[in-house]
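Presented below is the structure to which this report refers.
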Amino acid sequence: IDSIKINHPVADKFDSVLNKADLKEILENSTKTNINKGVNNNEEISSTPTDNEYTNLDSDFTGKSPIGLSICGKNLKVDNWRDLYIQACIYMIEKDPVLFIESTKKVRGKKRLYFSKDKSDIFRAFLFEKIDMYGELNFSANDIIKNIKKLAKELKINSSEIKISLDA
(Lines give C-alpha, C1' and ligand atoms only; values in the text may rest on other atoms or scores of the structure.)
Protein backbone atom coordinates (compact mmCIF):
# COMPACT_ATOMS: atom_id res chain seq x y z
CA ILE A 1 0.00 0.00 0.00
CA ASP A 2 1.49 3.31 -1.09
CA SER A 3 -1.23 5.56 0.30
CA ILE A 4 -4.02 5.61 2.83
CA LYS A 5 -7.41 7.20 2.28
CA ILE A 6 -8.93 8.94 5.26
CA ASN A 7 -12.74 8.96 5.20
CA HIS A 8 -13.70 11.45 7.83
CA PRO A 9 -13.88 15.24 8.04
CA VAL A 10 -10.42 16.72 8.27
CA ALA A 11 -10.55 20.49 8.60
CA ASP A 12 -12.76 21.54 5.66
CA LYS A 13 -11.89 18.56 3.50
CA PHE A 14 -13.88 15.34 3.68
CA ASP A 15 -11.42 13.01 2.02
CA SER A 16 -7.72 13.11 1.49
CA VAL A 17 -5.20 10.62 0.17
CA LEU A 18 -1.73 10.63 1.69
CA ASN A 19 1.29 8.62 0.69
CA LYS A 20 3.17 6.70 3.36
CA ALA A 21 5.93 9.29 3.71
CA ASP A 22 3.48 12.17 4.23
CA LEU A 23 1.40 10.14 6.67
CA LYS A 24 4.50 9.11 8.62
CA GLU A 25 5.68 12.74 8.81
CA ILE A 26 2.26 13.93 10.04
CA LEU A 27 2.13 11.13 12.59
CA GLU A 28 5.64 11.85 13.89
CA ASN A 29 4.97 15.59 14.14
CA SER A 30 1.67 14.94 15.90
CA THR A 31 3.28 12.57 18.39
CA LYS A 32 6.13 15.00 19.09
CA THR A 33 3.66 17.84 19.59
CA ASN A 34 1.50 15.81 21.98
CA ILE A 35 4.50 14.60 23.95
CA ASN A 36 5.98 18.09 24.15
CA LYS A 37 2.72 19.42 25.53
CA GLY A 38 2.94 17.22 28.60
CA VAL A 39 6.52 16.19 29.24
CA ASN A 40 8.13 18.33 31.82
CA ASN A 41 5.77 21.21 31.54
CA ASN A 42 7.16 21.67 35.04
CA GLU A 43 6.63 25.37 34.85
CA GLU A 44 6.87 26.36 38.46
CA ILE A 45 4.33 28.89 39.67
CA SER A 46 6.36 31.98 40.46
CA SER A 47 4.38 33.32 43.39
CA THR A 48 4.23 31.22 46.51
CA PRO A 49 0.58 30.30 47.00
CA THR A 50 -0.79 30.15 50.49
CA ASP A 51 -2.07 26.88 51.88
CA ASN A 52 -5.70 28.02 51.57
CA GLU A 53 -5.31 28.27 47.76
CA TYR A 54 -4.75 24.51 47.62
CA THR A 55 -7.13 21.64 48.22
CA ASN A 56 -6.02 18.29 49.62
CA LEU A 57 -6.73 15.06 47.74
CA ASP A 58 -9.72 14.07 49.87
CA SER A 59 -12.17 16.39 48.10
CA ASP A 60 -14.65 15.66 45.30
CA PHE A 61 -13.24 17.20 42.14
CA THR A 62 -16.21 16.62 39.83
CA GLY A 63 -16.85 19.69 37.67
CA LYS A 64 -13.77 21.55 38.90
CA SER A 65 -10.73 22.65 36.91
CA PRO A 66 -7.17 22.47 38.24
CA ILE A 67 -4.69 25.28 37.67
CA GLY A 68 -1.85 24.13 39.89
CA LEU A 69 -0.27 21.12 41.53
CA SER A 70 1.84 21.23 44.67
CA ILE A 71 3.81 18.05 45.25
CA CYS A 72 6.40 17.82 48.01
CA GLY A 73 6.74 21.60 48.05
CA LYS A 74 7.17 21.98 44.29
CA ASN A 75 4.41 24.11 42.77
CA LEU A 76 3.56 23.41 39.13
CA LYS A 77 1.16 25.09 36.73
CA VAL A 78 -1.28 22.70 35.01
CA ASP A 79 -3.87 23.22 32.27
CA ASN A 80 -6.32 20.38 32.95
CA TRP A 81 -6.75 17.07 34.80
CA ARG A 82 -4.73 15.09 32.27
CA ASP A 83 -1.88 17.57 32.51
CA LEU A 84 -2.05 17.36 36.31
CA TYR A 85 -1.83 13.55 36.14
CA ILE A 86 1.08 13.70 33.69
CA GLN A 87 2.96 16.23 35.86
CA ALA A 88 2.38 14.18 39.02
CA CYS A 89 3.66 11.03 37.26
CA ILE A 90 6.68 12.88 35.85
CA TYR A 91 7.53 14.15 39.33
CA MET A 92 7.32 10.62 40.75
CA ILE A 93 9.35 9.20 37.84
CA GLU A 94 12.09 11.76 38.46
CA LYS A 95 12.04 10.96 42.18
CA ASP A 96 12.58 7.21 41.67
CA PRO A 97 12.11 5.73 38.18
CA VAL A 98 12.69 2.10 39.27
CA LEU A 99 10.20 2.29 42.13
CA PHE A 100 7.70 4.07 39.86
CA ILE A 101 7.89 1.24 37.31
CA GLU A 102 7.36 -1.31 40.10
CA SER A 103 4.41 0.68 41.47
CA THR A 104 2.70 0.77 38.06
CA LYS A 105 2.20 -2.99 38.32
CA LYS A 106 -0.04 -2.42 41.36
CA VAL A 107 -2.05 0.45 39.85
CA ARG A 108 -4.41 -1.06 37.29
CA GLY A 109 -8.07 -1.45 36.50
CA LYS A 110 -10.20 -4.56 36.74
CA LYS A 111 -10.04 -5.18 33.00
CA ARG A 112 -7.27 -2.95 31.69
CA LEU A 113 -3.76 -1.79 32.38
CA TYR A 114 -3.04 1.81 33.32
CA PHE A 115 0.65 1.59 32.40
CA SER A 116 2.36 -0.55 29.78
CA LYS A 117 5.43 -0.73 27.54
CA ASP A 118 3.05 -1.61 24.69
CA LYS A 119 1.00 1.34 23.42
CA SER A 120 -1.76 -0.98 22.15
CA ASP A 121 -2.56 -1.99 25.78
CA ILE A 122 -3.59 1.59 26.55
CA PHE A 123 -6.74 3.32 25.28
CA ARG A 124 -5.59 6.97 25.52
CA ALA A 125 -1.81 6.62 25.73
CA PHE A 126 0.86 9.08 26.83
CA LEU A 127 4.53 8.15 26.54
CA PHE A 128 6.65 8.79 29.62
CA GLU A 129 9.95 8.98 27.77
CA LYS A 130 12.28 8.65 30.75
CA ILE A 131 10.99 5.15 31.54
CA ASP A 132 9.80 4.27 28.01
CA MET A 133 6.32 3.42 29.27
CA TYR A 134 2.83 4.47 28.20
CA GLY A 135 0.28 5.68 30.71
CA GLU A 136 -3.50 5.74 30.40
CA LEU A 137 -5.03 9.23 30.44
CA ASN A 138 -8.71 8.40 29.96
CA PHE A 139 -9.88 9.02 33.53
CA SER A 140 -12.33 11.24 35.37
CA ALA A 141 -10.93 13.87 37.73
CA ASN A 142 -11.68 11.71 40.77
CA ASP A 143 -10.08 8.63 39.18
CA ILE A 144 -6.95 10.66 38.41
CA ILE A 145 -6.76 11.60 42.09
CA LYS A 146 -7.23 7.95 43.16
CA ASN A 147 -4.39 6.87 40.86
CA ILE A 148 -2.10 9.65 42.09
CA LYS A 149 -2.81 8.57 45.69
CA LYS A 150 -2.03 4.92 44.88
CA LEU A 151 1.20 5.79 43.07
CA ALA A 152 2.25 8.21 45.82
CA LYS A 153 1.64 5.56 48.48
CA GLU A 154 3.84 3.09 46.59
CA LEU A 155 6.59 5.73 46.30
CA LYS A 156 6.24 6.56 50.01
CA ILE A 157 5.01 10.09 49.34
CA ASN A 158 2.50 11.19 51.94
CA SER A 159 -0.74 12.24 50.21
CA SER A 160 -0.84 15.31 52.49
CA GLU A 161 2.21 16.56 50.52
CA ILE A 162 0.14 16.64 47.33
CA LYS A 163 -2.35 19.48 46.89
CA ILE A 164 -4.28 20.94 44.01
CA SER A 165 -5.09 24.54 43.20
CA LEU A 166 -8.49 24.94 41.55
CA ASP A 167 -9.84 27.59 39.22
CA ALA A 168 -12.24 29.86 41.07
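The values are calculated or read from the model by the stated rules, or taken from the named source; none is laboratory data. Because the structure is a prediction, the values reported are computed rather than measured. Note: ideal-geometry Cβ built from the backbone for every residue, glycine included; neighbour counts use all protein chains shown. We work out accessible area using only protein heavy atoms, side chains counted, and drop any ligands, DNA or RNA first. Shrake-Rupley method; radii C 1.70, N 1.55, O 1.52, S 1.80 Å.
Here are some notes:
- Each of THR104, THR55 has its accessible area taken with a 1.4 Å probe; listed largest first, they run THR55, THR104.
- Spin-label pair GLU28/SER140, simplified geometry with 7 Å Cα→Cβ offset, distance in nm: 4.1 nm
- Cβ-defined net charge surrounding LYS130, 12 Å radius [Lys, Arg +1; Asp, Glu -1]: -3
- Cα gyration tensor shape of the range 58-114, rounded if a/c is under 1.5, else prolate or oblate by comparing a/b with b/c: oblate
- Once the Cα-Cα distance is subtracted from the 0.36 nm per residue extended length, the GLU94 to SER160 segment shows a gain of 21.8 nm.
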